[in-house]
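Read-outs throughout are calculated quantities, based only on the coordinates presented, and are distinct from any laboratory measurement. Bear in mind the structure is a predicted one, so any value in this text is a computation, not a measurement. FYI the Cβ positions are ideal-geometry reconstructions off the backbone, even for glycines, and counts take in every protein chain you see.
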Amino acid sequence: MTRVKVCGITALEDALGAVAAGADALGFIFVEGTPRFVTPEQVAPIVRALPPFVTPVGVFWDHPRGHVKAVAQSCGLQALQLHGDEGLDEVEGYEWPVIKTVKLPPASPGAAVVPPGVAAYRARGVAAVLLDSAARWSEGEARDPIAWDVARACAEGGPVVLSAGLTPDNVARAVAVARPWAVDVNSGVEARPGRKDAEKVRRFVAAAKSAR
């Protein structure tokens, strides 16, 4: 069964709603100047309220290693998502599992070629590769999906988290094509940037987990 991460959590109500819907992981964005930015002081009580087996993931973008570690420790994070341009050496040496984002262009006709960064980061021991759009997400807008056939080619070599442009209406098809280990949703289940729509979250999780 495909796992689901609901990202961009900023409020306890949204966190518990996602958990009730069946989410396996919640993402907290520690990227300053973005619509879903949260501080360790906001996140720590949310993490403490989570039930067992729900993974809190911290999202970072080219932050210094010491900053990432300090935030993870203070919040009780269980995994790190490095979403910027972190190099190969910068994904090693953490005591938490690391998910490294590799950005792809929007879907287009052509052969499904695995980006070289995917194998390179895997060789450095990342727990999973998250495939996302190269389009900016700092303003909070929805984005177009990436090439799901490329994601499937990547998934043949190890765990892939599929992101970018996923909604309750297309995630089942995305899972069927890409066969990812997990899917990651943010703006596709929002009422507005930073706050989730509970019904969209329920529909998304149900569609992702029932896809074949």
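Numerical summary
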{"quantity": "Among [x] -0.62, -0.76, -1.19; [y] -0.53, -0.74, -1.33; [z] -0.46, -0.66, -1.35, the entry that matches log10 I(q)/I(0) by the Debye sum over Cα atoms at q = 0.11, 0.13, 0.18 Å⁻¹ as calculated here", "calculated": "[z]"}
{"quantity": "Relative contact order computed over region 1-140 (Cα-Cα under 8 Å; 6+ residues apart), in percent", "calculated": "19"}
{"quantity": "The chain, helix-only ellipticity at 222 nm - DSSP H runs n ≥ 4, -39,500 (n - 2.57), divided by all residues, nearest 500", "calculated": "-9000 deg cm²/dmol"}
{"quantity": "In Hz, Karplus ³J(HN,Hα) per residue of region 180-191 (6.51, -1.76, 1.60; θ = phi - 60°; x = Gly, Pro)", "calculated": "x, 5, 8, 10, 10, 10, 9, 5, x, 10, 9, 7"}
{"quantity": "Leading residue at positive end of dipole, the chain (Cβ point charges), from A207, I46, V160", "calculated": "A207"}
{"quantity": "Cβ-based exposure ranking for S210, S187, in which fewest neighbours within 10 Å come first", "calculated": "S210, S187"}
{"quantity": "DSSP beta bridges in the chain [antiparallel fraction, %, rounded to 5]", "calculated": "10"}
{"quantity": "19 Å Cα-Cα threshold exceeded, pairs from K100/K200; K5/K100; K5/K196; K5/K209; K69/K100", "calculated": "K100/K200"}
{"quantity": "Exposure proxy order (Cβ contacts within 10 Å, fewest to most) of F30, F60, F53", "calculated": "F53, F60, F30"}
{"quantity": "Percent of alpha-carbon pairs separated by more than 16 Å within region 1-80", "calculated": "44"}
{"quantity": "Computed magnitude of the charge dipole of the chain (debye, nearest 20; Cβ of K, R +1, Cβ of D, E -1)", "calculated": "600"}
